[in-house]
């Protein structure tokens, strides 16, 4: 059974994951609007991944006998100066999500909630992967600078990403 502090924090994380999905949907729309369909496709994968994360928290709350309380999702930004600016924002956002996950881990430790601590380890590893992946894209965009041929090459590469639901236990 989840205690009140942990339940409130997990419900907050559901909202944060839903916001992440909404933010990336806005970024997908931005990339569509500037005809970078590979970047848009990559963002669509992010949208799906963040929804999966939200549902993973959602299901866990119910597994532990808690009640999900949905909250208002704030409006995300909808335009950026450049693809680099957008991805710098993605990196900053993923770093924020990492800090939120770390806060949940710290709370689970303080509350001696071993089941939640165990559950959160998947997200700790996931955030390492998220930050590394986005950091690599930021680095590539910095190298490209204003080279449109490099941008189009990267756009084509970004379209290869396909989100697949992790298997049970992953």
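Could you run through the stretch 145-170 and say how many residues are touching a residue at least 40 places away in the same chain (Cβ under 8 Å), over 20 Å from residue 93 (Cα atoms) and part of a helix (DSSP H, G or I)? Qualifying residue count, the stretch 145-170: 5. Being surrounded by fewer than 18 Cβ atoms within 10 Å (Cβ to Cβ) and part of a loop (DSSP other than H, G, I, E, B) holds for only one residue in 124, 105, 128, 68, and it is 68. Going through (1) under 30 Å from residue 32 (Cα atoms); (2) within 14 Å of the chain's Cα centre (by Cα); (3) surrounded by 11 or more Cβ atoms within 10 Å (Cβ to Cβ) one by one, residue 144 falls short only on (2).
Take residue 108 and tell me if it is touching a residue at least 40 places away in the same chain (Cβ under 8 Å), under 20 Å from residue 11 (Cβ atoms) and out of contact with any helix residue (DSSP H, G or I) (no Cβ under 8 Å at 6 or more places or on another chain). Reasoning before the result, please.
Numbers: touching a residue at least 40 places away in the same chain (Cβ under 8 Å): yes; under 20 Å from residue 11 (Cβ atoms): yes; out of contact with any helix residue (DSSP H, G or I) (no Cβ under 8 Å at 6 or more places or on another chain): no.
So residue 108 fails the test.
Here is the figure for the stretch 26-43: residues that are in contact (Cβ under 8 Å) with a residue 24 or more places away in the chain and part of a helix (DSSP H, G or I) total 10.
Taken over the stretch 118-144, the criterion of being within 18 Å of residue 100 (Cβ to Cβ), in contact (Cβ under 8 Å) with a residue 40 or more places away in the chain and in contact with a helix residue (DSSP H, G or I) (Cβ under 6 Å, 6 or more places away or on another chain) is satisfied by 119, 123, 131, 134. Here residue 162 clears all of (1) in contact with a helix residue (DSSP H, G or I) (Cβ under 7 Å, 6 or more places away or on another chain); (2) within 30 Å of residue 13 (Cβ to Cβ); (3) modelled with pLDDT of 95 or more except the condition numbered (3).
Residue by residue, here is whether (1) over 25 Å from residue 36 (Cα atoms); (2) within 17 Å of the chain's Cα centre (by Cα) holds:
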residue: 60; (1), (2): yes, no
residue: 91; (1), (2): no, yes
residue: 103; (1), (2): yes, yes
residue: 110; (1), (2): yes, no
residue: 113; (1), (2): yes, no
residue: 121; (1), (2): yes, yes
residue: 124; (1), (2): yes, yes
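The values are calculated or read from the model by the stated rules, or taken from the named source; none is laboratory data. Since we're looking at a predicted model, the values are computed, not measured. Backbone-built Cβ (ideal geometry, glycine too); neighbour counts: all protein chains shown.
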